[in-house]
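Values in this text are rule-based calculations from the coordinates and carry no lab data. Remember, predicted model here, so these are calculated numbers, not experimental data. Here Cβ is always computed from backbone atoms with ideal geometry, including for glycine, and neighbour counts include all displayed protein chains.
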Amino acid sequence: MPTKRKRVTLEDVARAAGVSAMTVSRVINHTGRISPATRQHVSEVIEQLGYRPSRAARTLVTAKTGMIGVVVPDITNPYFAEIVHGIEDVAWEAEYSVLLANTNENPAREAAVLSQLDDAAVDGLIPVSSRLPDETLLPLLKQHRAVVTINRQFPRVASCVRPRHGYGFRAYQSALYLARAGHQRIGYINLQRSLINMQIETLIERMAEHNITIRREWCATCLPTWEAGYQTGHALLAEHPELTAIVAGNDLVALGVMRAAIELGRRIPQDLALIGGDDILLASQVTPPLATFRVPKYEIGANAARLLFARMNGDLTYQEYLYEEEFIPRGSAP
């Protein structure tokens with residue numbers, strides 16, 4: 001069995017460099033008056049010995065953890081993965097690490113995770129598309145000094161990244177597009193626990209203002225996953241074969257519906273037009289390519305991180321990054 005390598009300590013660096021432990025600490029934490037020559041010498045010894053400061057010790061000295069917390073509903077969803085990519089790149093430039101928590105679309109798990117991620121664990125927090133109601137989420141956010149929310153708004157406690165045209169824009173525009181293309185029997189699949197999708201009753205009312213009828217029985221709600229989209233799409237199309245188009249809450253659900261439609265013998269788009277959302281990479285790779293809404297996922301994450309570091313650095317004024325959602329017509333809904 002190999003011998004476990006002994007961890008290099010701050011005292012080991014001090015002995016090798018011929019300086020006090022306090023001098024080494026000041027070099028590491030960039031504090032105190034130290035000559036450039038001494039700083040360079042100690043830094044070289046640190047590199048030679050492979051010394052890495054204890055995170056716990058550094059937290060005691062700086063009162064900072066060097067970590068930001070990011071909570072996402074489903075890390076297997078490429079939409080969230082791209083957002084996290086943007087957050088991590090900005091955090092890396094700021095010499096911060098990301099503590100990522102995945103809640104598996106489970107609100108109880110999200111609440112438990114957020115209650116554990118207090119300011120002793122992370123220096124700032126980014127909850128992404130939280131599935132919790134306001135009355136549950138708000139007290140959990142208040143335990144942090146620096147918070148930025150994505151797709152939720154709490155101006156008194158957090159800066160925000162959200163869609164410019166408001167929540168539900170994609171569903172409304174998709175239904176209008178399909179109706180103007182001649183479809184009269186349009187179904188809608190809303191996302192369960194998503195507070196940024198347009199609710200079914202609201203979409204029905206908004207379409208009625210344009211003399212477009214969407215029946216309640218043509219609509220359903222499901223989790224924002226491929227499996228849920230497949231099952232819900234299969235049931236909806238089997239029960240209502242008269243449907244000629246479906247608007248899905250996101251791309252994963254739309255792709256699940258696409259598979260169900262094909263299995264039921266429905267050609268896309270000849271027999272069924274289909275529109276998703278988010279524009280994940282897979283949306284452009286299937287046949288036919290999925291019509292969807294392009295969302296700047298990486299930029300959403302990067303700008304959320306920038307807003308968070310601004311709050312961590314003392315600027316607690318409310319700030320927003322408003323992102324655009326651009327319709328991308330493709331083969332599934334020409």
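Amide H contacts for Ser159 (H built 1.01 Å from N in the peptide plane; partners 5 or more residues away or on another chain; cut-off under 5 Å): Val147, Thr149, Gln319.
Normalised Debye scattering of the chain at q = 0.12 Å⁻¹ gives log10 I(q)/I(0) of -0.85, counting only Cα atoms as equal scatterers and leaving out solvent. Relative to the current alpha-carbon distance between Ala37 and Ser284, full extension at 0.36 nm per residue lengthens the span by 83.3 nm.
Packing order of peptides 171-184, 125-138, highest average first: 125-138, 171-184 (average count of other Cβ atoms within 10 Å over each peptide's residues).
Converting phi to 3J(HN,Hα) with the Karplus coefficients 6.51, -1.76 and 1.60 and the offset θ = phi - 60°, the range 311-321 yields 5, 5, 8, x, 8, 9, 5, 6, 10, 10, 10 Hz in sequence order, with x at every glycine or proline. Along the range 287-294 the Karplus relation, 6.51 cos²θ - 1.76 cosθ + 1.60 evaluated at θ = phi - 60°, assigns HN-Hα couplings of 10, x, x, 7, 5, 7, 10, 6 Hz to successive residues, with x for each Gly and Pro.
Our Cα-only numbers for the range 169-295 put the radius of gyration and Dmax at 12.8, 36 Å.
Between Leu176 and Ser20, the FRET efficiency from the beta-carbon distance, with R0 = 56 Å, is close to 0.20.
Using C-alpha pairs below 8 Å separated by at least 6 residues, the relative contact order for the chain is 17 percent. Our helix-only sum for the chain, with -39,500 (n - 2.57) per DSSP H run of n ≥ 4 divided by its residues, gives a mean residue ellipticity at 222 nm of -12500 deg cm²/dmol. Counting Lys and Arg as +1 and Asp and Glu as -1 over every other residue whose Cβ lies under 11 Å from the Cβ of Ser130, the net charge comes to +1. Inverting the pair-averaged 1/r between distinct Cα atoms of the range 54-208 gives 17.3 Å as its Kirkwood hydrodynamic radius.
Taking trypsin sites (Lys or Arg not before Pro) across the range 253-283, the ones in a DSSP loop with at most 15 further Cβ atoms lying within 10 angstrom of their Cβ are Arg267. The alpha-carbon of Lys64 sits under 13 angstrom from the alpha-carbons of these aspartates and glutamates, leaving out residues fewer than 8 places away in its chain: Glu95, Asp118, Asp119, Asp123.
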